[in-house]
Amino acid sequence: MNACGAVRGLSRSILTTSVLALIATGCGSVVVDDRGAGSGNVFSTGAGGGSAGSASGGTGSASSGSGGASGVNDCTAPNITQLASGQKEPFTIAVDATNVYWGDALPVTGPDAVARIFTVPKAGGIATEIATTKGILASVLVDDTNVYWAVNEYKASPPTGNLYSMPKAGGPVTTVFSSKSPNLLSLTMDESRFYWVNNGGLLVSVSKSGGETTLLAENAEPVVGHTIVVDQDRVYWKSSSFQLMATSKLVGGDAQALTGLDMTQGDFTIDDALAFWVSVPWGPGEQVDTIFTTPKSGGAAVSVFHQAHGAGELRQFGPCLYWRTPAPSSDVSWSLSAALKGGGEPIVLVQQGDGLGGEVQAAYTVDASGVYWVDRYSGTVMKATK
């Protein structure tokens with residue numbers, strides 16, 4: 001397996017020295033798009049516009065306003081840098097103000113898997129392994145003080161799902177929660193609690209300090225990779241009938257469907273005012289992936305991006321919406337696109353890989369400084385900053 005791959009750019013003028021070095025050494029297959037402030041792309045996303053929140057984990061969603069004053073499109077991130085290489089199957093990622101965190105698990109499946117957690121400064125430096133636990137790694141999250149990760153341990157009898165924690169400054173690994181089955185799916189968190197769906201389709205939460213779980217909803221979709229999002233009052237999730245739902249994050253119950261559309265609803269994200277999701281209409285006629293938006297309190301759905309083929313892993317930050325598309329061509333495993341929430345032409349930020357199973361090849365997250373991702377095939381940790 002090639003630990004790097006080859007990097008190629010649409011515009012040499014915007015590539016950093018480190019990326020040009022990658023081109024010279026044949027490391028990673030990355031295409032960058034240099035449309036940015038100089039292209040004259042302008043957004044006007046309406047009134048409102050809250051301040052950006054923190055992007056605390058790969059499965060979470062940074063909260064930010066859906067509107068604001070007109071200005072230059074700030075969805076581009078042309079400065080691509082490699083932060084780490086030679087990693088073994090990296091596939092989950094989180095960031096804080098100063099560092100990037102990710103994990104791997106080798107073997108990827110099976111009873112002898114070991115989950116390893118790593119970190120590297122955003123500014124660059126030496127990648128450091130900070131923790132090791134038994135089990136197949138499922139997700140990594142980080143808050144102001146701790147790193148958290150969930151693993152599925154099939155070697156135990158019976159198999160278990162475990163949620164671990166350790167201080168970012170260093171210290172012992174502790175068990176926050178242990179389930180009776182490997183079922184910590186779509187794990188996310190807020191300031192005080194964790195949220196996930198178990199294998200039985202139950203949406204539950206538990207305090208960051210541990211304790212008893214709280215049942216919030218039934219009939220949730222028990223699938224790895226679909227986002228759960230929380231805001232000040234509610235938790236947003238997908239039902240087993242593929243509808244986007246919301247319920248109280250404290251006590252659950254009274255689940256509300258955000259849309260009444262007769263559509264299969266895929267990955268989604270939430271900001272201060274709006275929900276965005278990718279969907280394919282049912283029935284006869286054209287079957288085209290489309291990204292829709294609606295007020296997160298419920299209301300009329302509006303098509304924002306048509307022909308968003310294969311779009312998934314929606315994220316949002318500030319005025320921008322991001323999504324990943326697996327295997328967009330025969331020689332590319334996945335691409336990452338960005339666009340203004342109000343619509344317009346999406347921008348392909350990066351393309352990477354060699355067309356080998358793009359669905360499981362990467363994970364990414366976004367914050368105020370840019371986009372960060374891991375690529376499983378090339379074994380790299382990358383950033384694209386503004």
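Computed quantities for the displayed model
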item: Highest-first arrangement of 371-377, 205-211, 166-172, where packing means the average Cβ count within 10 Å; result: 371-377, 205-211, 166-172
item: Sorted by Cβ density within 10 Å, fewest first, the residues Glu212, Glu221, Glu191; result: Glu212, Glu191, Glu221
item: Ala257/Ala169 FRET efficiency (R0 35 Å; Cβ-Cβ; nearest 0.05); result: 0.20
item: Per-residue HN-Hα couplings for segment 364-378 [Karplus 6.51, -1.76, 1.60; θ = phi - 60°; Hz; x = Gly/Pro]; result: 9, 8, 9, 9, 5, 8, x, 10, 10, 8, 10, 10, 5, 5, 7
item: Förster radius 35 Å - calculated FRET efficiency between Thr385 and Glu218 (Cβ-Cβ, nearest 0.05); result: 0.25
item: Binned Cα-Cα distance frequencies in segment 97-237 - 5 Å width, integer %; result: 2, 10, 19, 22, 21, 15, 8, 3, 1
item: Contour minus Cα-Cα distance for Asn199 and Ser240 (0.36 nm per residue); result: 13.6 nm
item: Other-chain or far-sequence residues with amide H under 5 Å of Lys249's (modelled H); result: Arg234, Val235
item: Cβ-derived FRET efficiency at R0 30 Å, Val302 paired with Ala123, nearest 0.05; result: 0.15
item: Shape parameters for segment 124-185, alpha-carbon atoms, Rg then Dmax in Å; result: 12.4, 42
item: Relative contact order of segment 114-251, pairs being alpha-carbon contacts under 8 Å that are 6 or more residues apart, as %; result: 13
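Throughout, read-outs are computed from the coordinates displayed, never taken from laboratory work. A quick note: this is a predicted structure, and the numbers were derived from the prediction, not measured. Glycine gets a Cβ as well: all are built from the backbone with ideal geometry, and neighbour counts include every protein chain shown.
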